[in-house]
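These notes concern the structure reproduced below.
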Amino acid sequence: MRKLYLILILWLSVSCSNFLDVEPMGKLIPEEVEDYENLLNNLNTINYFLLYNNTCYLATLGDNLEISENQARYQYNDIGYSAINTYTSYTFQQPYYDLNASDFYWDNAYETIGIYNSLINGVNDVATESNSAVANSLIAQAKAARAWTYLNLGLVYGPMYNPNGTNDTQTIPYRTESQPLVANPDRATTAELFQYVKQDIDDALTGIPETVGNPCRFGLPALHMLMSYYYMYMRDWNNMLTYANMAWDEVLAQRGSVEAMLYNFNNFSYDLDESVVIGDDEVNPKVDLALQGEDNLIGQTTHRENIMYRKAAINGTIDYPSEEFLNLFDQEKDLRYDLFALRDNGFSSEINGETYSDGLRIYYFRDEKMLSNEGYTTSELLLLRAEAYARTGALPEALNALNLLRQFRYKGTTTAETDLPNGASLTQDELLEEILNERRRELPIGTYQHFLDIKRYALDTGKPWCKTSITHQIGNQTYTADVDGEAFILPISNIVIQLNPQWGIPVDGNIFNPSLYQ
């Protein structure tokens, strides 16, 4: 049965043979360890994690995006609309999708996990003493990628880890078996999920390569960054810092300089006469122009800031950035605002001869102008270090890490121009809030990442960045949900429940019939 399953998986990888410029080995049933490398070249491993039609409705649950009244009334006015879950999540109408239909997030995540499991089990079947180095390297890369997938997936379908709680809520099955007829294990509790992830990470450390040919695969710096994330979610700030620093030092040693790790947005431009004044009633011409970077790789997976690449959702050019998100930027000095927060025509629809238009609106084009990454980047790594330093009370080091990133993101050629004003006088909470706001500005606007940040910040009781609830508004209607409640945990579809009766979960008998905006 495993051979039949591998034929399917390898057929998928052969059909995507251009990925990473690796040619298929020409065998459907692998006989050599090297043959299994094709499984790591499958596009499904990078393209579909927690996104559908290039968007992620987890982002709409948060506070980065907003929906207008015209959109609610005339765009999201049909429960059969392919993006209806953007509206149901924004209005906190659970379930956010039809539980009797396929859950695209779940299905694609487990298809990807199935690829990793097939590699791990298959390589173990054909590994020998003579090929052990290659075998260990492939297994390590697969286990690291599997751990990353499970960690994020488990925190989406379950609660955030709480070091002061029992963490006994059941989340998702941590499947490691590749044979399709073997039943799924029971759903792991949050505590068990973290144990299994840690085991995969520890196993991967024994064979992970220091460097990889393309950041679509895990190398040692990405694995140490994953370990930093693991401890971040456990709120073990000292270990978070240790592994973030290890990852930073490794990438710096590989690239040779900070300038080879980060793009300086002071050197980015559009082919536009800067003397042209754009009126308040005009579309910004930058919308239709290509961004010119410091090299020709800003649209490639190999651009200098990528450590581990996964395709990101691009909600920022489809839905509007929220007023709260846009107000986080220093609109005069932050180059991200200048380059990517661009005015364009908003939603417009003609109904019975009458036009309903949002007029000109600000969209956020960063995820379109540059390759967007929901995996790991060097800028994010800097902010991990800054946050960990701040949380452990090392404020000068935290400020240095933050200011280093600001050199590459704010207007100016000297540190006096780009450093955080009065940064050295800030309290621990004030500096940490600045770092977390910088993280929000730096991460992709429309992915699951800030959704998980909102969930973990909810444990920072009483802090200014902690939100215990999220409120959205459409017209005069207000929608509110608690961050630590069911609104921020995805349910398992009835289809999956029916296929796993051993879990003992009753199917949800409610019909998907969300209340549309009136």
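For region 164-216, give me each residue that is of a type in the set (A, V, I, L, M, F, W, C), in contact (Cβ under 8 Å) with a residue 40 or more places away in the chain and part of a loop (DSSP other than H, G, I, E, B). 181, 183, 208, 212, 216 - these are the residues of region 164-216 that are of a type in the set (A, V, I, L, M, F, W, C), in contact (Cβ under 8 Å) with a residue 40 or more places away in the chain and part of a loop (DSSP other than H, G, I, E, B). Here the condition is being among the charged types (D, E, K, R), out of contact with any Phe, Trp or Tyr (no Cβ under 8 Å at 6 or more places or on another chain), without any contact (Cβ under 8 Å) to a residue 24 or more places away in the chain and open to solvent by 20 Å² or more (accessible area, probe 1.4 Å); of 288, 338, it holds for 288 alone.
Scanning region 384-397 turns up no residue that is over 30 Å from residue 146 (Cα atoms), of a type in the set (S, T, N, Q) and modelled with pLDDT of 95 or more. Applying the selection to region 185-220, what residues are open to solvent by less than 10 Å² (accessible area, probe 1.4 Å), closer than 25 Å to residue 135 by Cβ and not hydrophobic (A, V, I, L, M, F, W, C)? Residues satisfying the conditions are 200, 219.
With respect to residue 447, is the statement that it is loosely packed, with under 14 Cβ neighbours inside 10 Å and polar (S, T, N, Q) true? The answer is no for residue 447.
Each residue in region 232-264 was checked for being crowded, with 20+ Cβ neighbours inside 10 Å, in a helix (DSSP H, G or I) and either aromatic (Phe, Trp, Tyr) or touching a Lys or Arg at 6+ places or on another chain (Cβ under 6 Å) (or both), and 4 of them qualify.
Residues being over 30 Å from residue 461 (Cα atoms), open to solvent by 90 Å² or more (accessible area, probe 1.4 Å) and either within 28 Å of the chain's Cα centre (by Cα) or without any contact (Cβ under 8 Å) to a residue 40 or more places away in the chain (or both) are represented in region 504-514 by at least one member. Selection of strands (runs of 3 or more DSSP E) fully inside region 344-434 by the criterion of at least 1 residues being open to solvent by 10 Å² or more (accessible area, probe 1.4 Å) and among the basic types (Lys, Arg) returns 360-364. Is it the case that region 444-465 has a residue that's among the polar types (S, T, N, Q) and more than 24 Å from the chain's Cα centre (by Cα)? Looking through region 444-465, at least one residue is among the polar types (S, T, N, Q) and more than 24 Å from the chain's Cα centre (by Cα).
Output the residues belonging to region 478-489 that are over 22 Å from residue 72 (Cβ atoms), in contact (Cβ under 8 Å) with a residue 12 or more places away in the chain and either of a type in the set (Gly, Ala, Ser) or open to solvent by less than 20 Å² (accessible area, probe 1.4 Å) (or both). Once the filter is applied, which keeps residues that are over 22 Å from residue 72 (Cβ atoms), in contact (Cβ under 8 Å) with a residue 12 or more places away in the chain and either of a type in the set (Gly, Ala, Ser) or open to solvent by less than 20 Å² (accessible area, probe 1.4 Å) (or both), region 478-489 yields only 483. Only a single item in (1) open to solvent by less than 10 Å² (accessible area, probe 1.4 Å); (2) assigned to a loop (DSSP other than H, G, I, E, B) is not met by residue 316, and it is number (2).
The values are calculated or read from the model by the stated rules, or taken from the named source; none is laboratory data. Everything numeric in this text was worked out from a predicted model, so none of it was measured. Note that we place each Cβ from the backbone using ideal geometry, even for glycine, and neighbour counts take in every protein chain shown. To get the accessible areas, we keep the full protein, side chains included, count just its heavy atoms, and leave off ligands, DNA and RNA. Shrake-Rupley method; radii C 1.70, N 1.55, O 1.52, S 1.80 Å.
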